[in-house]
């Protein structure tokens with residue numbers, strides 16, 4: 001279900017113990033309530049999938065959908 005309204009792109013960071021993944025997503029500013037941009041259900045599912053795959057260490061898939069940053073142990 002697509003929400004009617006203005007669409008804007010933003011970068012979101014998904015953080016796990018070993019990785020931070022920067023993905024570009026689309027937010028919608030609904031015509032009914034333009035006070036705050038919101039996520040569509042597909043975007044929420046995508047963000048959850050990114051987090052789950054980052055927790056499993058699926059770097060190849062993650063790098064196809066965003067920028068992947070790996071944690072480095074402290075010296």
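Values for this structure:
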item	result
Cα long-axis angle, helix 41-56 against the chain (0 to 90 degrees, to the nearest 10)	0
Gain on full stretching of the segment that runs from residue 24 to residue 42 - 0.36 nm per residue minus C-alpha separation	5.1 nm
Value of relative contact order over the chain, rounded to a whole percent, pairs C-alpha under 8 Å and six or more apart	33
Antiparallel bridge percentage (DSSP; both residues within the chain; nearest 5)	100
The chain - mean residue ellipticity at 222 nm from DSSP helices (-39,500 (n - 2.57) per run, n ≥ 4, rounded to 500)	-9500 deg cm²/dmol
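Every read-out reported here was derived from the displayed coordinates using simple, explicitly stated rules and does not represent laboratory data. Quick caveat: nothing in here was measured; it's all calculated off a predicted structure.
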